[in-house]
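S.K.: Following this message is one structure expressed as C-alpha cells.
The values are calculated or read from the model by the stated rules, or taken from the named source; none is laboratory data. Predicted model, so just to flag it, every value in this text is computed and none were measured. All Cβ positions, glycine included, derive from the backbone under ideal geometry; neighbour counts span all protein chains shown.
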Amino acid sequence: MPEETTAIDYVMEAASGPHFSGLRLDGLRSAASSPRASAPLTSAFSFSTVSDSAAHKQPFVIGVSGGTASGKTTVCDMIIQQLHDHRVVLVNQDSFYRGLTPEELKHVHEYNFDHPDAFDTEQLLECVETLRSGQSVHVPMYDFKTHQRCSDSFRQYAKFVKPAFEDFVLPSKKYADVIIPRGGDNHVAIDLIVQHIRTKLGQHDLCKIYPNVYVIQSTFQIRGMHTLIRDRDISKHDFVFYSDRLIRLVVEHGLGHLPFTEKQIVTPTGSVYTGVDFCKKLCGVSIVRSGESMENALRACCKGIKIGKILIHRDGDNGKQLIYEKLPKDICERHVLLLDPVLATGNSANQAIELLIQKGVPESHIIFLNLISAPEGIHCVSKRFPSLKIVTSEIDVALNEEFRVIPGMGEFGDRYFGTDD
C-alpha cells in the first residue's frame with residue numbers, strides 16, 4: 001500500500017466530443033491564486049474516508065472531471081449506489097458557486113457560470129482539506145433557480161461553455177489516470193472503479209486490525225493482471241504468464257520485510273557507498289501443490305535459495321489430514337517465506353505454520369506470501385499467529401458456502417499446471 005494519501009483522477013468523455021481532463025488535488029492550493037489555473041470546469045469530487053495503511057488515516061480521494069453533460073454526476077451516483085457504504089461521500093463543485101454581487105445580478109444572463117472565477121475555490125479547498133484531515137464539514141447549497149442560465153442553450157454553449165472547456169478543462173487531460181468514454185453507459189469502467197474502492201475499504205479495515213498484514217500497492221497495472229488471471233476464458237499460457245508477473249511482485253515485496261545490515265562497498269569510481277546487505281539465512285517453503293507455482297519467482301529473486309515442501313492431504317471423511325514435509329535441516333536458523341497463492345479458510349496455512357514453529361522457526365521469522373486472500377483466512381491466521389507477516393496482492397470479498405474465495409480465481413494449481421478441465 002502507498003505510504004501517503006493518493007488522488008486518482010477519473011475523466012468522463014462526452015458522447016460527441018474529445019477526452020476530458022482530470023484534476024490533481026495536490027496542485028489545487030498553489031493553483032487557486034490564478035484564475036486561469038483554478039479548478040477545471042464542472043468538476044465533481046468523491047471522497048471516501050479510507051486510509052492506505054494503519055499509520056496513515058487520511059481519506060482516499062478520487063477526483064472526477066469533464067465537460068458539461070459528459071456524465072460525471074451519473075457515474076458518481078452509480079458508484080455510490082453500488083457501494084452502499086456510508087464511508088463514501090460525494091462533494092460536487094457546483095455547490096461552491098460564489099454568490100453574485102448586485103451588479104452581476106443585474107446582468108445575470110451575461111454572466112459566465114462556466115468560468116473558474118464563478119467558483120469559490122478557496123472554500124472548496126478548505127472543504128477538501130477538512131475532509132482530508134478526517135473531520136466533518138458542511139457543504140454549501142446553491143440555489144440554481146435564483147440564477148438560471150439563458151433559455152437559448154445554443155447561444156449559451158457557444159459563448160460560455162465551449163470556450164471555457166477548451167481553456168480550462170481540456171488542457172489538464174494529461175493529468176488524468178483513467179479516461180472513461182461514454183460516461184454512465186460504460187458499465188465495465190464503473191464496475192472497475194467500484195471494485196477498486198471496495199478493495200480499498202476492505203484493505204483499510206484488515207490492515208488496521210492486523211498491522212502485520214501488507215497489501216502491495218494497488219495500481220491499474222496490477223488490477224489489469226488480476227482481471228486477466230481471474231477470467232475463466234483466459235488461455236493457460238496467458239494465465240501462467242500474468243500469474244508469474246504478479247507472483248514476482250509479491251515475492252519482491254515480501255523480501256522487503258526481511259532484516260538487513262548496513263554494508264559499505266567501493267564503487268568503480270573509487271568512492272565509498274553505504275548500503276545494505278541482504279539477509280543470508282533465508283529459505284522458501286511451498287505448500288504443495290499450488291505453492292510450487294511461486295518457486296520460480298523466488299529462485300529468480302534469490303539465487304540458490306533452499307526450498308522446502310509441505311503437503312497437507314485430507315485422509316478420508318473423518319477430518320484427519322496427512323502431513324508430509326521435507327525441509328532444510330537448519331530451518332530453525334532461517335527466515336522462511338511460506339508460499340501459497342490463495343489464502344482461503346486459513347486452515348491449511350495454520351497447519352503449515354504450526355509445523356514450521358514445531359521445527360524451531362520463530363513465528364516472527366515467517367512471511368506468508370500469496371496472490372489473493374479472503375478476509376476469513378486473514379482473520380484465522382492473524383489471530384492465531386499475530387507475529388507472522390502476511391503479504392498479498394489483493395484482499396477479496398469473502399468465502400462462499402463451499403469455502404471458495406469470491407470472486408476468486410478458481411483452483412489455482414490446476415489452472416497453472418494445466419490439470420483442469
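S.K.: Just one of the numbered conditions (1) of a type in the set (V, I, T); (2) over 20 Å from the mean Cα position of the chain (by Cα); (3) surrounded by fewer than 17 Cβ atoms within 10 Å (Cβ to Cβ) is not true of I222; which one?
M.R.: Answer for I222: the failing condition is (2).
S.K.: Moving on. Taking the options A352, A374, name whichever one is closer than 23 Å to I222 by Cβ and of a type in the set (A, V, I, L, M). So that I can check it myself, show each step before the final result.
M.R.: Numbers: A352 fails: closer than 23 Å to I222 by Cβ.
Step by step, each of A352, A374 is checked, and only A374 is closer than 23 Å to I222 by Cβ and of a type in the set (A, V, I, L, M).
S.K.: Further, regarding this structure: Check L356, L388 and return the single one that is among the aliphatic types (A, V, I, L, M), in the same structural domain as G291 (by TED's automatic domain parsing), surrounded by 18 or more Cβ atoms within 10 Å (Cβ to Cβ) and more than 23 Å from L249 (Cα to Cα).
M.R.: L356
S.K.: Given the structure, is F165 part of a helix (DSSP H, G or I) and modelled with pLDDT under 75?
M.R.: Judged against the criteria, F165 is a match.
S.K.: So which residues in segment 405-416 are crowded, with 17+ Cβ neighbours inside 10 Å and out of contact with any Ser or Thr (no Cβ under 6 Å at 6 or more places or on another chain), if there are any at all?
M.R.: Residues satisfying the conditions are V405, G408, M409, R415.
S.K.: Condition first: closer than 19 Å to Q217 by Cβ and either polar (S, T, N, Q) or outside any helix (DSSP H, G or I) (or both). Now tell me which residues in segment 228-261 satisfy that.
M.R.: Across segment 228-261, the qualifying residues are S243, G256, H257, L258.
S.K.: Still on this structure, please answer the following. Please determine, by comparing only the residues of segment 225-237 that are exposed (fewer than 13 other Cβ atoms within 10 Å of the Cβ) and free of Cβ contacts under 8 Å to residues at least 24 places away in the same chain, which one is farthest from V397 (Cα to Cα).
M.R.: The residue in question is H237.
S.K.: Might you check whether a residue that is touching a Pro at 6+ places or on another chain (Cβ under 6 Å) and more than 18 Å from Y210 (Cβ to Cβ) occurs anywhere in segment 355-370?
M.R.: no
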